[in-house]
Amino acid sequence: MRVVWNSFNGRYSDNPRALYEALRARGGGEEHVWLADPRHAAAFPADAVTVPIGTPAAVAALESADVLVANTHIQLDEWRKPPGARYLQTWHGTPLKRIHRDATSVPPDDVMAVLDDDIARWDWLVTPGGEGTRLLRSAFGYTGALLEIGYPRNDVLLAPDRDAHRARVRAALGITEGTTAVLYAPTYRDDEAAPGAEASLGLDVAALAGRLGDDAVLLLRLHHYMGHQQRPASSGRVRDVSGHPDIAELYLAADVLVTDYSSSMFDFAVTGKPIVLFTYDLEHYEGRLRGFTFDLRTGAPGPVVLDQGSLTEVLLDLPGVAAAHADDHARFVARWCALEDGHASERVVEAVWPG
């Protein structure tokens with residue numbers, strides 16, 4: 001059996017990575033091929049078979065697959081799904097921001113047609129369960145089979161060796177014992193995502209790091225659409241980890257997540273560590289760019305702050321913030337993350353590759 005993998009158009013990451021590693025660990029003897037962006041080739045295992053994404057070789061690989069696993073749309077016009085092949089779509093997050101046909105601003109008809117053609121090929125859709133399932137079905141107009149079992153990429157956050165894994169990642173990043181690691185992981189803005197567009201960070205990273213002091217380090221993780229975004233140079237208190245291949249490792253290394261409208265909040269919530277939402281452009285993003293699937297002001301897992309001063313004060317009192325928002329965090333997990341138990345990969349593997 002040949003399995004072809006794609007994560008974020010050519011990366012070794014996310015749900016496909018977790019499933020690939022689980023399937024190989026089972027030792028079933030499948031043949032594996034990854035679609036790879038040459039810019040991210042170094043992140044793939046040395047023994048992984050890859051083909052460059054967006055090339056005739058990638059189309060040939062897709063058309064030779066018995067099973068295709070992807071976490072995003074395959075937008076190659078030339079690709080035709082062969083008879084008998086199965087397409088497992090894992091997607092890449094629980095949607096706070098409205099997506100696809102539920103978004104405030106829908107892409108042009110020709111773009112939507114390509115995306116809808118891809119959706120029509122799906123044989124399974126992995127969902128995090130509960131309300132996340134309902135939202136994904138609605139957004140994609142998907143009526144096919146579901147694997148409503150949680151996200152495989154989050155298994156590592158609950159693995160028995162998570163503390164040892166955290167220690168290894170922190171050591172590799174140069175984060176010393178006793179240092180508070182603040183992970184800043186904002187999403188993209190549709191009106192700033194085009195290459196060359198003016199895109200501010202929305203946060204004076206150096207000033208924030210200075211206020212937090214010597215016992216804290218700020219880990220800056222930009223969205224992969226935002227490589228052109230302005231950012232400060234890495235220093236002792238600020239580390240640009242945008243190129244780190246697996247954000248789940250950064251979740252393990254961090255002591256608190258600062259994000260905005262990113263699905264990272266749903267993943268990080270599994271760790272039980274505090275989450276702060278820095279929403280400096282809340283009205284613009286909610287009213288003009290995307291819209292939300294729930295009221296962030298009342299349904300967030302932690303404090304929602306609108307300016308850097310408020311953000312700083314929150315980060316200087318993390319124990320107090322965690323205590324004050326413990327019930328919010330618990331309600332959020334129960335609503336959105338109830339199926340995350342560290343065994344999602346096992347359930348997907350057994351459903352798609354039984355025995």
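A few comments on the model shown:
- In the set Arg24, Arg17, only one residue is among the charged types (D, E, K, R), surrounded by 21 or more Cβ atoms within 10 Å (Cβ to Cβ) and either closer than 24 Å to Asn154 by Cβ or at pLDDT 95 or above (or both); that residue is Arg17.
- Taken over the range 104-124, the criterion of being among the acidic types (Asp, Glu) and over 28 Å from Val352 (Cβ atoms) is satisfied by Asp109, Asp110.
- Within the range 311-355, the only residue that satisfies the criterion of being at positive phi and surrounded by fewer than 16 Cβ atoms within 10 Å (Cβ to Cβ) is Gly355.
- Residue count for the range 59-70, restricted to those that are crowded, with 19+ Cβ neighbours inside 10 Å and touching a Gly at 6+ places or on another chain (Cβ under 9 Å): 0
- Unmet criterion (only one of (1) surrounded by fewer than 20 Cβ atoms within 10 Å (Cβ to Cβ); (2) farther than 26 Å from Tyr12 by Cβ) for Leu135: (1)
- Flag for Leu157 being outside any helix (DSSP H, G or I), modelled with pLDDT of 90 or more and in contact with a helix residue (DSSP H, G or I) (Cβ under 8 Å, 6 or more places away or on another chain): no
- Only a single item in (1) modelled with pLDDT of 95 or more; (2) closer than 21 Å to Gly210 by Cα; (3) in contact with a Pro (Cβ under 8 Å, 6 or more places away or on another chain); (4) not basic (Lys, Arg) is not met by Ala253, and it is number (3).
- For Phe292, the conditions (1) touching a helix residue (DSSP H, G or I) at 6+ places or on another chain (Cβ under 8 Å); (2) more than 30 Å from Val67 (Cα to Cα); (3) at pLDDT 95 or above are fulfilled apart from (3).
- Here is the figure for the range 73-113: residues that are crowded, with 18+ Cβ neighbours inside 10 Å, of a type in the set (Ser, Thr, Tyr) and assigned to a loop (DSSP other than H, G, I, E, B) total 2.
- Here Ser262 meets the list (1) more than 18 Å from the chain's Cα centre (by Cα); (2) at pLDDT below 95 almost entirely, failing just condition (1).
- Annotation for the range 37-49: no member residue is within 23 Å of Trp91 (Cβ to Cβ) and among the β-branched types (Val, Ile, Thr).
- Filter pass, Pro38 being within 21 Å of the chain's Cα centre (by Cα) and more than 30 Å from Leu282 (Cβ to Cβ): yes
- Listed conditions (1) surrounded by 14 or more Cβ atoms within 10 Å (Cβ to Cβ); (2) in a loop (DSSP other than H, G, I, E, B); (3) not charged (D, E, K, R) are all met by Ile119, apart from (2).
- Restricting attention to the range 338-355, the residues that are outside any helix (DSSP H, G or I), modelled with pLDDT of 95 or more and not small (Gly, Ala, Ser) total 5.
The values are calculated or read from the model by the stated rules, or taken from the named source; none is laboratory data. Here the structure is a predicted model, which means the values were calculated and not measured. Virtual Cβ from ideal backbone geometry, glycine too; neighbours counted across all protein chains shown.
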